[in-house]
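Structure first, then comments.
The values are calculated or read from the model by the stated rules, or taken from the named source; none is laboratory data. Only a predicted model underlies this, so the values are computations on that prediction, with no experimental measurement involved. When we count neighbours, we look across all protein chains shown, and the Cβ atoms used for this are built from the backbone with ideal geometry, even at glycine.
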Ligand SMILES: *Cc1c(COP(=O)(O)O)cnc(C)c1O
């Protein structure tokens, strides 16, 4: 049979789109460790979690057994407005690299929020609405999550309060205005609107904020305001579940043409896009049906997997959130201010942490000038202006394709292109002007943060 020519873009029909999310935990022999109450160190009960999160989302968070969970029709209809996302064969990149490797990427940047985060924000907003809530609170760093949540809330008529890390609030005014266009209130964090914020401002009046601090503020407002809950854009099990739509679509598109990836690559901040992309492939691997090489790529300036510790840690700076067992650098860790592109969270998804600890996936780290070099190379041949976060995956995909050129192996590579970089031109400017640096934390620095991990016994 003549080899079928693979199109540049493989799309699914609406009728081929997933109707269920896939919960990889159901196929894991070693389940991710449970969230613990920070006071008692006992596993968080559904009731305790319900003070912070919507009840249907609590059920999803705690469900380690149900493999397939129905995507409610209203969410499926919302998905249809911007999905299926294309699976692209990177013919131009292959040509430019002169590699025998076949490179595919799943592009999640084709929506106004510019990233995959809309896949989970619509789900979380839907369950909040279903519960009869008035609104939700959250934090945002680089701004993609806040934007995605604002879009979902405006669609469903929910109020949305976003605590935005102060330095981003000031440096990325356009992100802020996109959120306000969708009706969200955007508050620079730390702020005087919360007790946590007032305390931090009293101690550090000049602080430009951090993600951990913004989380503490958003959680405080959610638990003290009737009719509100807190939502989070990454790390949690429920977020990986929603993001499985990425992998399910990618696998369905590849199956249509009988393509099997040898290597699957994704950037890893809190782990949601990578967890979503790999989930159906990892399911096959866990069930012994197929094997794949899976690589998480993180910044050398915030190396949770490659230099972190697998331990229980706080999710926020205020230490009011549950403890999660994850690869972590310590909740006080703040990446260098010179680190430009997202992926700044100190911890990693408990699901991915367990899979990594069990040797089912690999991790590697890259420095930011190498990341921007790959971003620019990719933009110049594939056309898309990639987000700095996504460009971590591009870097390693290019490196693997170059290895194939050296060995002559025709490997099939799939990577996640999570978003576009239009709001990151300040970082691109630093790269073009040659003033971007490659800060790597020293062992001593990391040891200091490791020492602050909570003592568990
Ligand atoms: C948030 C974000 C990431 C990192 O988050 P994960 O939860 O690790 O996926 C990566 N790329 C883009 C474009 C993002 O917005």
Report every pair of residues separated by at least 6 positions or lying on different chains whose Cβ atoms are under 6 Å apart, first residue within the range 253-274 and at positive phi, second in a loop (DSSP other than H, G, I, E, B). 271/348; 271/349
Give me the pairs, please: first residue somewhere in the range 110-130 and free of Cβ contacts under 8 Å to residues at least 60 places away in the same chain, second residue anywhere and away from the ligand (no atom under 14 Å from the Cβ) and part of a loop (DSSP other than H, G, I, E, B), beta-carbon distance under 7 Å, and either six or more positions apart or on two chains. 126/72; 129/158
Go through the range 165-188 and give me each residue that's modelled with pLDDT of 95 or more, surrounded by 21 or more Cβ atoms within 10 Å (Cβ to Cβ) and not in a helix (DSSP H, G or I). 184, 186, 187
Would you confirm whether or not the range 66-83 contains a residue that is touching a residue at least 60 places away in the same chain (Cβ under 8 Å), within 14 Å of the ligand (Cβ to nearest atom) and touching a helix residue (DSSP H, G or I) at 6+ places or on another chain (Cβ under 8 Å)? no
If a residue counts only when it is within 13 Å of the ligand (Cβ to nearest atom), which strands (runs of 3 or more DSSP E) contained entirely in the range 248-345 have at least 1 such residues? 263-267, 293-299, 323-328
Quick one: would you say residue 359 is at pLDDT below 95 and either farther than 22 Å from residue 450 by Cβ or in contact with a helix residue (DSSP H, G or I) (Cβ under 7 Å, 6 or more places away or on another chain) (or both)? no
Only residues in the range 15-27 that are closer than 11 Å to residue 280 by Cα count as the first member; pair them with residues that are modelled with pLDDT under 95, Cβ under 7 angstrom, at least 6 apart or cross-chain, and list the lot. none
Just to check your reading of the model, which residue among 149, 156, 118 is out of contact with any strand residue (DSSP E or B) (no Cβ under 8 Å at 6 or more places or on another chain) and within 18 Å of residue 185 (Cβ to Cβ)? 156
Across the range 374-401, what is the number of residues that are more than 23 Å from residue 254 (Cβ to Cβ) and either at pLDDT below 95 or more than 16 Å from the ligand (Cβ to nearest atom) (or both)? 3
Going through the range 346-365 one residue at a time, which ones are surrounded by 21 or more Cβ atoms within 10 Å (Cβ to Cβ) and not in a helix (DSSP H, G or I)? 346, 347, 348, 349, 361, 363
Does residue 112 fit the bill of being outside any helix (DSSP H, G or I), touching a helix residue (DSSP H, G or I) at 6+ places or on another chain (Cβ under 9 Å) and away from the ligand (no atom under 16 Å from the Cβ)? no
For the subset of the range 402-425 comprising residues that are closer than 24 Å to residue 142 by Cα and assigned to a loop (DSSP other than H, G, I, E, B), which member is nearest to the ligand (Cβ to nearest atom)? 418
Any residue in the range 196-217 that is assigned to a strand (DSSP E or B) and under 19 Å from residue 314 (Cβ atoms)? no
For the range 420-446, which positions are surrounded by 11 or more Cβ atoms within 10 Å (Cβ to Cβ), farther than 16 Å from residue 375 by Cα and either touching a helix residue (DSSP H, G or I) at 6+ places or on another chain (Cβ under 7 Å) or without any contact (Cβ under 8 Å) to a residue 12 or more places away in the chain (or both)? 445, 446
If I filter the range 90-103 for residues that are touching a strand residue (DSSP E or B) at 6+ places or on another chain (Cβ under 6 Å), buried (at least 19 other Cβ atoms within 10 Å of the Cβ), at pLDDT 95 or above and part of a strand (DSSP E or B), do I get at least one hit? yes
